[in-house]
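Beneath this line is the structure, given in structure tokens, with notes to follow.
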Amino acid sequence: VNYYLNNIQTKAHLNAFVEVYTDSALAQASKVDEKISSGSAGRLAGMVIGIKDVLCYQGHTVNASSKILERFESQFTSTAVQRLIDEDAIIIGRLNCDEFGMGSSNENSVHGKVLNAADESRVPGGSSGGSAVAVQANLCTVSLGTDTGGSVRQPAAFTGLVGIKPTYSRVSRWGLIAYASSFDTIGVFSKNVPDNALVMEIMAGSDDFDSTVSKKPVPHYSELLHFDKRVKVAYLKETIESPALQAEIKENTLGVLDRLKNEGHQVDEVNFPLLKYILPTYYILTTAEASSNLSRFDGVKYGYRTPNAHNLESMYKMTRTEGFGEEVKRRIMLGTFVLSASYYDAYFTKAQKVRRLIKEFTEDLLNKYDYIIMPTTPSTAFKFGEHSNDPVAMYLEDLFTVQASVSGVPALSIPNGVDSKGLPIGLQIMANSFKEAELYAFANYLN
Ligand code: GLN
């Protein structure tokens, strides 16, 4: 803990942590030391973990990187975090992110931007940018992020880490501040596959507090990492030939596919005609869900309340106007629009139907193939400000990550070399729902 506290101080300018739990982390560390000497330590004894600023931790502030949750303190601890604590993990602090998880660069945060330690003039990715940089810069061993449309995988790719989005419903969302409830997942950042697998197996599984979470038993992922079979891998022609794809990322991805062929695996090219519908589907459905989820922040129940109101109506309006950032407001307006009576069928209902098509296509393909491989992102980490004035360019960052989110299947990003600027490149692997064990084993083999 002292080692990490020291690093957090010397790397404070990266702005990954928004709060460091110095005293409670040190106290917890002493307790764990005692447990280790008495032989009663849990499976995560000594693992130092940072948590994204959207996960509730009793008695601690949580802001979702938004002014609207200013000074809000959690009344209870999220199931994911509690399960880590129960296994003697040490929670060292709270990590910066895009406001309510909305963004791909960590530039939309009331706490300010996070710097990528690989090149400080570049973004770390988002929305879990702080979680990524905390592990990248050795400020903690692993971290928790959330992934609604790529927010663990994309920053993992930009910082050279292993990052997983589990199957939707694998990990309880109790105590996670909602962005888009039918997409939100809690994922893990780590430097290697075994640490990631261990943390995921401890967090996952049924929970009485979240009725949407799966009751399927959780395999011991960390003990199933051995890989010695021949597998069938598909790659999607439209992703590898996408004009948005940086040439060096294409080359590195093709390099992995070649390696797999040489090692005796079956590798097939498959057409994915639905690729162009994925981003519109994702952004229609997530903005709709966000507009509904974020209606609870009205100045009455949580966090910030405007001091300038003159009646109830103006209190609601001014609180929300002053409390939400630009991107969040844009999404609330888009979401309200697609849910409005005269446009509901044209946008929301249509997008639900397209979601079903994408999900069925993806699941069918993953019944025929063990894995789908594609780049995690179209480009490596971009410069601050590069996409800030162009929301559509920013949304295009999510081109390859949203397929798994729309379909609910698990996906993992592993490091796959660097480009000519020395910036990390990510490789994404997808498997069918609840096949996290297979995903980890394959990632461990490739990594
Ligand atoms: N960039 C995507 C978005 O803004 C993904 C965010 C996420 O996964 N939380 O919606």
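Results, tabulated for the structure shown:
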read-out: Test for T146: is it surrounded by fewer than 24 Cβ atoms within 10 Å (Cβ to Cβ), in contact (Cβ under 8 Å) with a residue 60 or more places away in the chain and touching a helix residue (DSSP H, G or I) at 6+ places or on another chain (Cβ under 9 Å); value: no
read-out: Residue within segment 267-278 that is within 16 Å of the ligand (Cβ to nearest atom), in contact (Cβ under 8 Å) with a residue 12 or more places away in the chain, closer than 20 Å to P391 by Cα and assigned to a helix (DSSP H, G or I) present; value: yes
read-out: Whichever residue in segment 410-430 is within 24 Å of Y221 (Cα to Cα) and either modelled with pLDDT under 95 or more than 16 Å from the ligand (Cβ to nearest atom) (or both) and, among such residues, is farthest from the chain's Cα centre (by Cα); value: N416
read-out: Criterion (closer than 30 Å to I51 by Cα, in contact (Cβ under 8 Å) with a residue 12 or more places away in the chain and not aromatic (F, W, Y)) met by exactly one of S181, S211; value: S181
read-out: Those residues of segment 294-342 which are aliphatic (A, V, I, L, M) and buried (at least 17 other Cβ atoms within 10 Å of the Cβ), in sequence order; value: L294, M315, M318, V328, I332, L334, V338, L339
read-out: Yes/no for A197 being crowded, with 22+ Cβ neighbours inside 10 Å, part of a helix (DSSP H, G or I) and of a type in the set (A, V, I, L, M); value: yes
read-out: Scope segment 297-338; condition of a type outside the set (S, T, N, Q), assigned to a helix (DSSP H, G or I) and in contact (Cβ under 8 Å) with a residue 60 or more places away in the chain; matching residues; value: R320, E322, G323, E326, E327, V328, R330, R331
read-out: Within segment 51-85, considering residues that are closer than 27 Å to E322 by Cα and of a type in the set (S, T, N, Q), the one surrounded by the fewest Cβ atoms within 10 Å (Cβ to Cβ); value: Q75
read-out: Subset of segment 387-409 (residues that are away from the ligand (no atom under 14 Å from the Cβ) and either in contact with a helix residue (DSSP H, G or I) (Cβ under 8 Å, 6 or more places away or on another chain) or among the aromatic types (F, W, Y) (or both)); value: S407, V409
read-out: Search result, residues across segment 79-109 that are more than 16 Å from the ligand (Cβ to nearest atom) and either in a loop (DSSP other than H, G, I, E, B) or of a type in the set (S, T, N, Q) (or both); value: T79, Q82, E87, D88, A89
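The values are calculated or read from the model by the stated rules, or taken from the named source; none is laboratory data. Here the structure is a predicted model, which means the values were calculated and not measured. All Cβ positions, glycine included, derive from the backbone under ideal geometry; neighbour counts span all protein chains shown.
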